[in-house]
1. At q = 0.11, 0.12 Å⁻¹, what base-10 log of I(q)/I(0) does the Debye formula yield for the chain when every alpha carbon is treated as an equal point scatterer in vacuo?
2. Using a cut-off of 13 Å between beta-carbons, work out the net charge of the residues near residue 149 (Lys and Arg +1, Asp and Glu -1, residue 149 not included).
3. No partner Cβ under 4.7 angstrom, meaning no disulfide-compatible partner by this rule: which Cys of the chain qualify?
4. What spacing in nm lies between the two simple spin-label points modelled at residue 157 and residue 53, each 7 Å away from Cα in the Cβ direction?
5. List the GluC sites (Glu not before Pro) within region 69-103 that DSSP assigns to loop and that have no more than 13 neighbouring Cβ atoms inside 10 Å.
6. How much of the pair distance distribution for region 137-180 lies past 13 Å, counting alpha-carbon pairs only, in percent?
7. So what's the back-of-envelope 222 nm ellipticity for the chain, counting only DSSP H runs of four-plus at -39500 (n - 2.57) apiece and dividing by all residues, rounded to 500?
8. Report D for region 107-199 in µm² per second (integer): Stokes-Einstein, Kirkwood Rh on Cα pairs, 37 °C, 0.692 mPa s.
Amino acid sequence: MTNKIQFDKLIKLVFKNQSTGLDKKYSYHSPRHICMVFRDSTFLGHKLNLSVSDMILLQTAASMHDYGFVISHEKHEERSCIEARKLLPEYGYSKEDIEIICGMIMATKIPQTPKTLLEKIICDADLYYLGCNYYFEIADHFKGELVGLDALKDENHWKEIQINFLENHEYHLPYTQKLLNETKQKNLNILKNIDGKTI
């Protein structure tokens, strides 16, 4: 297991590399998103009384879960794990630590498939915004990213994608279900009532 000094150095490097290396077309998978997932993972980890060592693993995975976007958005989770396996041994992470971290990264792949508590935490943190009152602001960044990648046909296509996603999404932790499901449903209801307006 890494120590606090090595961990802090790693986190600074990872955030710096993503802040300077991410293409501006990634308006959703941006440094802001990475910071939000790090923040929300940490919040949930504290609420669930994680040990110090588990918190370090969780925060490391949160900081690197979209690291592959520096190279490409295609198979970015796999790319993130490749980069993690290259980088983390230099900062004192064991092979076992790295496999746990890569398990968390891969669990965030849509559709999410978390098995462990740590994987459930990072998955809920990754999509925490769906159940928040700032959902539409964040969704607009995602919409802009899809437009930049030529992945949207029109406004109705966007609305269809979002409604389908919210209807099928489930938080994995009882805590997040209780905290976020009501607002997520309100956001879905608003989406369904939007008619011909930009989101």
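1. Values returned for q = 0.11, 0.12 Å⁻¹ are -0.50, -0.60.
2. 0
3. 35, 123, 132
4. For residue 157 paired with residue 53, the spin-label model returns 4.9 nm.
5. Answer in residue order: 74.
6. On the way: 604 of 946 pairs.
Of all Cα-Cα distances in region 137-180, 64 percent exceed 13 Å.
7. Working: 9 runs with 131 residues, N = 199.
My calculation for the chain gives -21500 deg cm²/dmol from helical runs alone.
8. Numbers: Rh = 14.0 Å.
So the translational diffusion coefficient is about 235 µm²/s.
Since every read-out is calculated from the coordinates, none of them should be taken as a lab result. Remember, it's a predicted structure, so these values are computed and weren't measured experimentally. With ideal geometry, Cβ positions are generated from the backbone for all residues, glycine too; neighbour counts draw on all protein chains shown.
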